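Chemist: Take a look at this one; I'll ask things after.
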Amino acid sequence: MATKRKKPATRPQATAKKRVAARSAAAPPAKKNGTPAWMAPYLAAAWGIRNHWWPALFSSEVGEDEVKPVRIAGEHIVLRRAKGKVYALKDECVHRGVRLSLKPTCLTKDSLTCWYHGFTYNLDDGRLMSIVAAPDDPIIGKVRLQTYPVQEVNGIVFVFVGDQDAVPPP
């Protein structure tokens, strides 16, 4: 004859208010300017996530004349290898803010061109070199993309993500 097991005692159901509070506590934090809220203390800290060298990709992942997007410390960065050297620029055109890495266009060895309206940027300093549709535009040479220092060490591409006035350590 089989014995019946006793059911374990159950806790009373949480009130609707408690259930809602529990769900909102487990919800992902809100984003501000595209940065998750949990990163705020690190960004504000003296030794936060900025002003450091970060590994971006293995050197073998960025072939000659290839363009690769990465996101480091909340910043969208586009990497391009030209003439054997890797360059890093902000992955956002100054004109309309589109990602340069979506449809990479490289008209010359020393530039990266926005596929949307043809804004062409110098890889060394991010300076606007030309605009395909308006070659005589007065903003040429006056605006630029943010550039990031890059070093390749032991087969890894490192990018320094820091404030504008920060000097990367060796």
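The values are calculated or read from the model by the stated rules, or taken from the named source; none is laboratory data. In this text, all values refer to a predicted model and were calculated from it rather than measured experimentally. Counting neighbours? That spans all protein chains shown, and the Cβs are built from the backbone with ideal geometry, glycine included. Remember, those area values only see protein heavy atoms, side chains included, never the ligands or the DNA or RNA. Shrake-Rupley method; radii C 1.70, N 1.55, O 1.52, S 1.80 Å.
Chemist: If I go through region 66-118 residue by residue, how many of them are modelled with pLDDT under 95, of a type in the set (D, E) and within 15 Å of P149 (Cα to Cα)?
Modeler: Summing the residues that are modelled with pLDDT under 95, of a type in the set (D, E) and within 15 Å of P149 (Cα to Cα) in region 66-118 gives 1.
Chemist: If I filter region 158-170 down to residues being outside any strand (DSSP E or B) and within 22 Å of H76 (Cβ to Cβ), which single residue comes out as least open to solvent (accessible area, probe 1.4 Å)?
Modeler: Step by step, filter region 158-170, then rank; the result is G162.
Chemist: Residues that are open to solvent by less than 70 Å² (accessible area, probe 1.4 Å): list the strands (runs of 3 or more DSSP E) wholly contained in region 47-157 that include at least 3 such residues.
Modeler: Output list reads 52-58, 67-72, 75-82, 85-90, 111-113, 119-122, 128-131.
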